[in-house]
Amino acid sequence: MADDTSNARGTAGFLLEMGMLKRAKRSGWWIAGVKDPETIAEHSFRVALIASVLAMMEGADPAKAALLGLWHDTQETRVGDIPHIGRRYLEAASNEQVTADQVSAAHPAVQEGAQRIVDEYENGHSLEVIVAREADKLECLLQAVEYREQGCANVQPWIDSSLAKLKTASAQALAEAALNMTSVEWQKTYLR
């Protein structure tokens, strides 16, 4: 199967489409007054790392949790990053439907794998799914702390809503620690 090149064009097209996530901004931050918010890819990268860390702390599979976190916003190449208030006015396709369309011309194994990952994130209840979802909220909280340090005063609602959605002890402890330190305080451990 490693030398199977069928559907290479469709698979390569999907990978090129994912490059859009490096250019697409997380638009909800504009509501808070952030002039140049991070991209969806930047967000997803840290979500995947946080998911793996939370999985380690909670006794789940870190690789699976990271994979779920990495794929959680891939649909935003097609539907954009719609702020929660905007979702009140839209009837959007499900993330599972968007993913199916995105990979419809890809290699069959990619089609099956992508759909399985997104379906699990959207509908699953495993510890890996729980920590991947919490990683999304924790990343938002961390980003809000960083934006607050940069002078954006309107991010407290993002901090509050993210904090309220954290259920695992590990995510709550990390959030509390992050709220009580600066974003560059990590250096103090190594620069003594």
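Odds and ends about this structure:
- Modelled label positions at Ala169 and Ile31, each set 7 Å beyond Cα in the direction of Cβ, lie 3.4 nm from each other.
- Pairwise Cα distances in the chain exceed 23 Å in 48 percent of cases.
- 14 Å beta-carbon shell around Ser162, net charge (K/R +1, D/E -1): +1
- Heavy-atom accessible area per residue - the chain, 1.4 Å, Å²: 56 Å²
- FRET E, pair Val184, Met20, Förster distance 25 Å, beta-carbon r, rounded to 0.05: 0.25
- In loop segments of the stretch 27-136 as defined by DSSP, the GluC sites (Glu not before Pro) with at most 12 further C-beta atoms inside 10 Å of their C-beta are Glu91.
- Using the Karplus relation 6.51 cos²θ - 1.76 cosθ + 1.60 with θ = phi - 60°, the per-residue 3J(HN,Hα) values for the stretch 101-107 come to 5, 4, 9, 4, 9, 7, 3 Hz, with x marking Gly and Pro.
- On full extension, the segment bounded by Gln115 and Met57 gains 18.1 nm, given 0.36 nm per residue less the C-alpha separation.
- Alpha-carbon centroid distance for the pair the stretch 134-192 / the stretch 5-49, whole angstrom: 22 Å
- Solvent-accessible surface (1.4 angstrom probe) belonging to Leu90, in square angstrom, nearest 10: 100 Å²
- When His107, His84 are compared by accessible area of protein heavy atoms, the largest-first order is His84, His107, using a 1.4 Å probe.
- Contact order relative to length of the stretch 1-43, as percent, for alpha carbon pairs under 8 angstrom and 6 or more apart: 34 percent
- A DSSP coil position with no more than 15 other Cβ atoms inside 10 Å describes the following trypsin sites (Lys or Arg not before Pro) in the stretch 95-168: Lys167.
- Ligands, DNA and RNA left out, the accessible area of the stretch 35-192 computed with a 1.4 Å probe is 57% carbon and sulfur.
- Label-to-label distance, Glu176 versus Glu42, with points set 7 angstrom from Cα along the beta-carbon direction: 3.0 nm.
- Oblate is the label for the stretch 31-124, because a/c, from the alpha-carbon gyration tensor with a ≥ b ≥ c as root eigenvalues, is 1.5 or above and a/b does not exceed b/c.
- Folded to 0 to 90 degrees: helix 169-179 orientation relative to the chain principal axis, Cα: 60 degrees
- The loop-placed trypsin sites (Lys or Arg not before Pro) in the stretch 7-87, going by DSSP, that have at most 15 neighbouring Cβ atoms within 10 Å of their Cβ come out as Arg23, Lys35.
- Spatially close lysines, pair count over the chain: Cα under 27 Å, gap of eight or more or interchain: 16
- Between Ala93 and Ser6, the distance separating the two model label sites (each 7 Å from Cα on the Cα→Cβ line) works out to 2.4 nm.
The values are calculated or read from the model by the stated rules, or taken from the named source; none is laboratory data. This is a predicted model, so every value here is computed, not measured. Cβ: placed from backbone, ideal geometry, glycine included. Neighbour counts: every protein chain shown. The protein model used for the area step is the full one, side chains on, heavy atoms only, and it has no ligands, DNA or RNA in it. Shrake-Rupley method; radii C 1.70, N 1.55, O 1.52, S 1.80 Å.
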